[in-house]
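Working notes, structure below.
The values are calculated or read from the model by the stated rules, or taken from the named source; none is laboratory data. Predicted model only: the values in this text are computed from it and were never measured. In this analysis, Cβ positions are derived from the backbone assuming ideal geometry, glycine residues included, and neighbour counts consider all displayed protein chains.
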Amino acid sequence: MLAVEGLTVHYGALAAVDDVDVTVADGEVLALLGPSGCGKSTLLRAVAGLEPAAGGTIRWDDTDLADVPVHRRGFGLVFQDGQLFPHRDVAGNVAFGLRMKRMTGRAERVAELLELVGLAGYERRKVTELSGGEAQRVALARALAPRPRLLLLDEPLSALDRALREQLAMDLAGLLRVAGATALVVTHDHDEAFTLADRVAVMRKGRIVQTGPPEEVWRRPEGEATARFLGCGLFLPATVTDGTATCELGSVDLPWAPAGEVTLGLRPNALRLTENGEGGPAGKLLRSVHRRDHVRLQVRLDGSDQVVDAVAAIAETPGDRVHLRLDPDGLAVLRRDARQGE
Amino acid sequence: MARDRAGLRTSPRGLALIALVPLGFLAVFFVWPVVAILRLGLREGGVLDTLASPDVWQLVGFTVAQAAGATAVSIVAGLPVAFLLARTRLPGLGLVRVIILVPFVLPSVVVGLAFRALLPDGGVWAIILANASFNVAVVARTVAGLWTHLDRRAEDAARALGASRPRTFTGVTLPALAPAIGSAAAVVFLFCATSFGVVLILGGARLKTLETEIYLRTVELLDLSGAAALSLLQLGAVVAALSIGAVMRRRRETALRLRGQAESARRPAGGEWWVVAAAFAVVVALLVPVATLVARSFQSGLDGYRALTGIGYEGSLDISGFDAARNSLAAATDATLIAVTLGTMASVVLVSLARNRVRYVEVVDTAFMLPLGVSAVTVGFGYLITLDLLPGDLRTSAALVPLAQALVVTPLVIRIMLPVLRSIDERLRQAAATLGAGPWRVWREVDVPMAGRSLGTAAAFGFVVALGEFGATSFLARPDTATLPVAIARLVSRPGELNNEMAYAACTLLIVVTVAVVAVVERVRVPVGEF
């Protein structure tokens, strides 16, 4: 088990990682989620031993890693862009860690790993001739081959295009489970984090601001900044009683929401058109744009000049009057006081 | 992430041990002799008198003027060639790369002789053109290196906004290339200002530069204080030029990180053909002196070549031409081995320092470049007055020539190796480390294989440069250990038609060896590095 306590990493005067506590249990996949520049990669690199810590401890089980150099930590690392050794073929790359550890039966292990990442028979390929997705799979196989105690993934899918990224995220999630890997994944993409991780730690400005299971982080972000990062664009005061939240745009069933005064965070898909074209708050449709699997609408609400995002299944005609309803899937619930001070 | 830091430190003690070898060599075989000469000169007094003499400033004026002229000519001639190499896709470009390099690695004596064969009247223009022809390769290759990585889309954008081709070049391309041009100009100026063989052969008694005057005063007039004063002057100028070059280089390395990977070479179009034509004209012009030389060597059939088995007209040499050739090969081989070892060690230290974010690495870098710019004569004479203090008196040893040559070749090895080592992504080394490779193992598994090919390139270039080294060798070689360039210089300074024929034949031999080596190097070229 990895235990990080009070870790601080400085870049000059700037604390890139500021007094961070985090643990990763055996067999657990933890995602460090945050916008770029929040210090998540620095934290990962400090765990790998690539950044000197200004304070705090990093322990594996009961061993303090402060004096353990990078190459003796037994952690695997996968970079955003693979960083395969260009002078070695695929097998040479995957076998690298096995050679360093003088393990026997390398050819079998290489074949096994390539099979696992879906690249069986690629042994003799040149790494310069691989596609981005293939290169990333080889990088993963290379990191997994020497059976690392902990796998560190630094934005492992960010360099790939979207369709491939989603496919590979699913594959990677399955693969980490099959391998029973303990892993720390750094990402700025919440889809990726929620696909891969058992637990998500949200980072901002060098600190971890929230840790929890994906669903909890998604539904109950700790503050407005986190909620915005997770897609909420509109915040409304609301009252929750008996599992029903009521705000100025109507009422909606939220059985998981705590009772009392809260703030609702609305993602675009929290507002949909009513089925019969009536009821609910009404407004004038300004724009209707096709997205990949839905239509994004912009609506100016009657009475106020507030422009809100909503989604629909099919395109509508701009200029039409539309009626909206709340959809619980797109809602996040924040503590009322959490809005202040952000 | 942009802020990658060194996480896998090569141990400071190990690094210091490696640094000790090249620094020790530099101290014993460069700093000590040079300082000794300077002290000797200063002790005799008269340094201020020398510096106050108007003749000296005339000398400085001519040295700077001819170097500036030659630098300007090399840049004007080098730019079209750089364009040709970087931006066009035409058959025969590989050959162009080889051809422009030939004058650069030819012994300066040979180039001087070639221009004397071409322009018998010699004069300032002969010196400028000869020095420039040496350095077209430096300009073309340095600039082409940056130009290849320059994103073509900035130019396309300017064109789309209505800029003409010339306007686009002056407004967009030229400013982007400025760091490379500046860096090349500094190096070329240095080479031209300290050029020895060319000026000695073409200038005769009339036209003298600091370098030849130092030689003259040291060897013939025994005016050590005068020579020391001039050496000090030259040293100051060299440090200035190198510092400018280092600053330019740093800017260029920042620029290179921004490179677009897009292939920027394509078939020339429209007005670009004029530039291509100009480039080929330059290439032909570079070939003319070399071709003249080769033609002259066959003017009287094979007489010159047959004469190489002898010792020249009325015994102008102490050994036969072929013995000199054997000396050349042996000395160049030893020098290359020494230089590659030292240069690699220095590069490893420099790149490790840079990876550990140590400041003022440029200062160390520049220190290793100094031997390129200090008068070979100063160094050579310094050897004679210092090295007797070392065990096993080196002054009479045949080992002195390769050691002096290594001093000249090592900076070249560093300039080739360092950019390659610097271009290795730090994260590649970090990946190796997380897979269980310790600091030294990372070097063995990542840096060595990736830089291996350029080590071959460095060795080959080092070999031809050592083969052609003239300044220090002419001073240190004893009559029976004379190398081919020394023998050539001696032959042309003595009367007798046979001597001339023999000299031309010897030049052709050197050209053949040089071209062969350069052609092989081009086959395995790595597209990083400065030469």
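Points to keep in mind about this one:
- Matching residues, region A:74-87, being modelled with pLDDT of 90 or more and more than 7 Å from chain B (Cβ to nearest Cβ): A:G74, A:V78, A:L84
- Checklist (1) over 30 Å from B:R296 (Cα atoms); (2) of a type in the set (A, V, I, L, M); (3) surrounded by fewer than 21 Cβ atoms within 10 Å (Cβ to Cβ) applied to B:V76, failing item: (1)
- Answer residue from region B:405-454, given it is within 25 Å of the chain's Cα centre (by Cα) and among the hydroxyl-bearing types (S, T, Y) and is nearest to B:A346 (Cα to Cα) among those: B:T410
- When each of A:V47, A:V17, A:V9 is tested for being within 14 Å of chain B (Cβ to nearest Cβ), touching a Gly at 6+ places or on another chain (Cβ under 6 Å) and among the aliphatic types (A, V, I, L, M), the lone residue that passes is A:V17.
- Matching residues, region A:120-154, being among the acidic types (D, E) and over 26 Å from A:R45 (Cβ atoms): A:E123, A:E129
- Selection of region B:350-365 for residues being modelled with pLDDT of 75 or more and touching a Leu at 6+ places or on another chain (Cβ under 7 Å) yields B:L350, B:V351, B:S352, B:V364, B:D365.
- For B:A158, the stated conditions do not hold, so it cannot be described as closer than 30 Å to B:T194 by Cα and of a type in the set (A, V, I, L, M).
- Picking from residues in region B:421-445 that are more than 10 Å from chain A (Cβ to nearest Cβ) and of a type in the set (D, E, K, R), the one that is nearest to A:G76 (Cα to Cα) is B:R444.
- All conditions but one from (1) surrounded by fewer than 24 Cβ atoms within 10 Å (Cβ to Cβ); (2) closer than 16 Å to B:L435 by Cα; (3) in contact with a strand residue (DSSP E or B) (Cβ under 8 Å, 6 or more places away or on another chain) apply to A:H71; the one that does not is (3).
- Qualifying residue in region A:55-64 (condition: within 14 Å of chain B (Cβ to nearest Cβ), touching a Lys or Arg at 6+ places or on another chain (Cβ under 7 Å) and either farther than 18 Å from A:A143 by Cβ or aliphatic (A, V, I, L, M) (or both)): no
- Just one of the listed residues (A:A31, A:A53, A:A15, A:A48) is modelled with pLDDT under 95, assigned by the TED database to the domain that holds A:L152 and within 27 Å of A:A169 (Cβ to Cβ), and it is A:A48.
- Annotation: of all residues in region B:411-445 being modelled with pLDDT under 90 and among the β-branched types (V, I, T), the one that is surrounded by the most Cβ atoms within 10 Å (Cβ to Cβ) is B:V413.
- Verdict on B:A477 being more than 14 Å from chain A (Cβ to nearest Cβ) and under 16 Å from B:V348 (Cα atoms): no
- Some residue of region B:398-420 being more than 14 Å from every other protein chain (Cβ to nearest Cβ) and not in a helix (DSSP H, G or I): yes
- Cβ-Cβ under 6 Å pairs, at least 6 apart or on other chains, region B:44-73 side more than 18 Å from B:A237 (Cα to Cα), far side among the β-branched types (V, I, T): none
- Pick from region B:129-167, criterion among the charged types (D, E, K, R) and surrounded by fewer than 20 Cβ atoms within 10 Å (Cβ to Cβ), ranking: farthest from the chain's Cα centre (by Cα): B:R159
- Any hit, region A:91-110, residues being over 17 Å from A:A181 (Cα atoms), under 27 Å from the mean Cα position of the chain (by Cα), away from chain B (no Cβ under 12 Å) and of a type outside the set (K, R): no
- Scan of region A:133-155 for residues that are over 17 Å from B:G436 (Cβ atoms) and without any contact (Cβ under 8 Å) to a residue 40 or more places away in the chain, ordered by number: A:G133, A:E134, A:R137
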